[in-house]
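A.B. asks: Have a look at the structure that comes next, please.
Only the coordinates and a few stated rules stand behind these numbers; no lab work does. Here the structure is a predicted model, which is why all the values come from computation and not from measurement. Glycine also receives a Cβ, built like all others from the backbone with ideal geometry; neighbour counts cover every protein chain displayed.
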Amino acid sequence: MKVGVPKEIKAHEYRVGLTPGAVREYVAAGHRVMIETNAGAGIGATDDDYRNAGATILTSAVEVFASSEMIVKVKEPQPSEWCQLRENQILFTYLHLAPDPDQAKGLLKSGCTAIAYETVTDAHGGLPLLAPMSEVAGRLAIEAAGSALKRSAGGRGLLIGGVPGVQPARIVVIGGGVVGTHAARMAVGLGAEVTIIDRSIRRLRELDELFEGRVRTRFSTIESVEEEVFAADVVIGAVLVPGASAPKLVRRSMLSSMRKRGVLVDVAIDQGGCFETSRPTTHADPTYEVDGVIHYCVANMPGAVPLTSSQALNNATLPFGLALANKGFSAVLENPHLRAGLNVYRGRLTYKAVAESLGLPFSPIEQAAA
Ligand SMILES: NC(=O)c1ccc[n+]([C@@H]2O[C@H](COP(=O)([O-])OP(=O)(O)OC[C@H]3O[C@@H](n4cnc5c(N)ncnc54)[C@H](O)[C@@H]3O)[C@@H](O)[C@H]2O)c1
């Protein structure tokens, strides 16, 4: 199959759809890969790196879209991209169509087959192409907290791990899923005193075993959240209620009882945030203060480390991308997890929740492909 990778054009997006390492895998499987010149610049991969991996470098996105049967990207297609997609072309990328009617209409009009990373599933009921970015964000959350705790950044002037004879930071992680587990892992590694709060007892049991007593676990109630937040130097917001906005677990009225110049990192900000006082920030200006508490609410945290993020994303997308390249649309029909990723097929919306939230007709794949 002819596989094309355009350079990402969304503002401040430095990741790339295929790393040179992934290109080698596609080429070894007999596929032709076309990369737009400089597509890998954000991760330090040169055109020569891609040539050495077996790719052909094309000078424009227009050429990539025109000559490829499958497009592999990272971010949802922008208007100038969706108008270049066409019937029989496969698009494999993050789409996040539910809140984006313009993109949905653009994809429907193109006639392309669009598979969204975020809805591809795995055999354990997870979302394997979202998980790597949650891993990155969870680990970064502790780095972000460490920076914000510094006096020069407005924080308490506290070193997360302390030193011998001096108390380390007390870190509370609300939500013990992928983000929360990776945040806790980093925090424990640095020597912090860590508590994880979750509303799933099963998850708390798993975490208790995983961390072998090195974290405290607490069931999520109004009382436990209050007690832990009031005693914390850092609170990491990592909750997710699938398909819903994040619940507001820390209210503004609670901030005045928190440690002065403590830090809130709201990783769940992309779902509206789990602190009442959260509002999205950027890598260029990541923090602000409310009632003496520093807030860090960057909505695209993995964008800070595009090299790690691109590699982690490629590791996860590779088996699915190769299946699509090897078998074309048949891979979607054969593999229920890829099928779960199918959002748009030849002018029809094939993902129920997306169709419902956009108020557009839904066509089950069996019907759309008939
Ligand atoms: N800001 C970013 O750049 C970025 C990057 C990746 C993920 N995220 C976001 O981080 C959030 C967490 O993602 P994840 O992959 O870890 O999700 P996940 O589903 O793996 O984990 C979420 C956890 O929250 C728990 N939870 C739900 N309601 C709760 C409550 N009231 N109290 C305590 N725990 C509760 C669940 O039981 C679950 O264990 C999501 O909103 C995700 O979109 C943000």
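A.B. asks: Give, rounded to the nearest 20 debye, the magnitude of the charge dipole that region 194-285 has about its Cα centre when Lys and Arg contribute +1 at Cβ and Asp and Glu contribute -1 at Cβ.
C.D. replies: Computed about the Cα centre, the dipole is about 200 debye.
A.B. asks: Right, something else. Inverting the mean 1/r over all pairs of different Cα atoms, compute the Kirkwood radius of the chain and quote it in Å.
C.D. replies: Kirkwood hydrodynamic radius for the chain: 21.8 Å.
A.B. asks: Assign one of three labels to region 131-304, namely rounded, prolate or oblate, based on the Cα gyration tensor with a ≥ b ≥ c the square roots of its eigenvalues; rounded applies when a/c is under 1.5, prolate when it is not and a/b is larger than b/c, and oblate otherwise.
C.D. replies: Working: a/c = 1.26, a/b = 1.06, b/c = 1.18.
Because its axes are fairly even, with a/c under 1.5, region 131-304 counts as rounded.
A.B. asks: Taking the Cα-to-Cβ direction at Arg214 and at Asn88 and moving 7 Å from each Cα, how far apart do the two end points lie in nm?
C.D. replies: Output for this residue pair reads 5.5 nm.
A.B. asks: Subtract the Cα-Cα distance of Lys327 and Asn315 from 0.36 nm times their separation in residues, and report this length gain in nm to one decimal.
C.D. replies: That pair, Lys327 and Asn315, stretches by 2.4 nm at full extension.
A.B. asks: Once both labels are modelled 7 Å past Cα along the beta-carbon direction, what's the Arg51-Gln367 spacing in nm?
C.D. replies: Between Arg51 and Gln367, the label points sit 5.1 nm apart.
A.B. asks: Would you work out which of Gln311, Ala55, Val293 lies farthest towards the positive end of the dipole of the chain, given +1 charges on the beta-carbon of Lys and Arg and -1 on that of Asp and Glu, about the Cα centre?
C.D. replies: Final value for the positive-end residue is Val293.
A.B. asks: Now, a different point. Can you give the Kirkwood hydrodynamic radius for region 21-85, in Å, rounded to one decimal and based on Cα pairs?
C.D. replies: 12.4 Å
A.B. asks: Beyond a 18 Å Cα-Cα separation, which of these cross-linked pairs lie in this structure: Lys105/Lys327; Lys105/Lys352; Lys7/Lys105; Lys150/Lys260; Lys2/Lys73? Numbers along the way, then the final one.
C.D. replies: On the way: Lys105/Lys327 27 Å; Lys105/Lys352 16 Å; Lys7/Lys105 23 Å; Lys150/Lys260 13 Å; Lys2/Lys73 14 Å.
Listed pairs above 18 Å: Lys105/Lys327; Lys7/Lys105.
A.B. asks: Name the trypsin sites (Lys or Arg not before Pro) in region 179-262 that are in a loop by DSSP and that have at most 14 other C-beta atoms within 10 Å, would you?
C.D. replies: The qualifying sites are Arg214, Arg251, Lys260.
A.B. asks: Something else now. Report the net charge of residues surrounding Thr350, where surrounding means a beta-carbon distance below 11 angstrom and charges are Lys +1, Arg +1, Asp -1, Glu -1.
C.D. replies: Numbers: positive: Arg339, Arg346, Arg348, Lys352; negative: Glu366.
Charge balance in the 11 Å sphere: +3.
A.B. asks: Still on this structure, I have one more. Contour minus end-to-end for Asn38 and Lys2, with contour as 0.36 nm per residue of separation and end-to-end as the Cα-Cα distance?
C.D. replies: 11.1 nm
A.B. asks: Next question. Size of the dipole of the chain about the Cα centre, Lys and Arg at +1 and Asp and Glu at -1 on the beta carbon, nothing else charged, in debye to 20?
C.D. replies: 220 debye
A.B. asks: Picking from Ser224, His124, Gly272, whose Cα lies most toward the positive end of the charge dipole for the chain (charges on Cβ: Lys, Arg +1; Asp, Glu -1)?
C.D. replies: Ser224
A.B. asks: Just to confirm my numbers, what's the Cα centroid distance between region 73-87 and region 1-71 in Å?
C.D. replies: 15 Å
A.B. asks: Could I ask something else about it? If contacts are Cα pairs under 8 angstrom and at least 6 residues apart, what is the relative contact order of the chain in percent?
C.D. replies: Value for the chain: 17 percent.
A.B. asks: Follow-up question, since we're still on this one. To the nearest 0.05, what FRET efficiency results for Arg199 and Ala231 with a Förster distance of 22 Å applied to their C-beta separation?
C.D. replies: The formula returns an efficiency of 0.65 here.
A.B. asks: From the C-alpha coordinates alone, can you work out the Kirkwood hydrodynamic radius of region 162-215, in Å?
C.D. replies: One decimal place: 11.3 Å for the Kirkwood radius.
A.B. asks: What does the extension gain come out to for Ala66 and Gln167, with contour length at 0.36 nm per residue minus their alpha carbon separation?
C.D. replies: Additional length available on full extension: 30.3 nm.
A.B. asks: Could you list the square roots of 5 times each eigenvalue of the Cα gyration tensor of region 214-370, that is, the equivalent ellipsoid semi-axes, sorted largest first and rounded to whole Å?
C.D. replies: Value: 40, 19, 15 Å, ordered largest first.
A.B. asks: Let me ask another. Hey, got the dipole for region 131-304? About the Cα centre, +1 on K and R Cβ, -1 on D and E Cβ, debye to the nearest 20?
C.D. replies: The dipole magnitude comes to about 240 debye.
A.B. asks: Between beta-carbons, use under 12 Å as the cut-off and find the net charge around Arg32, counting Lys and Arg +1, Asp and Glu -1. All intermediate terms of the calculation are to be shown ahead of the outcome.
C.D. replies: Numbers: positive: Lys2; negative: Glu69.
Net local charge, Arg32 excluded: 0.
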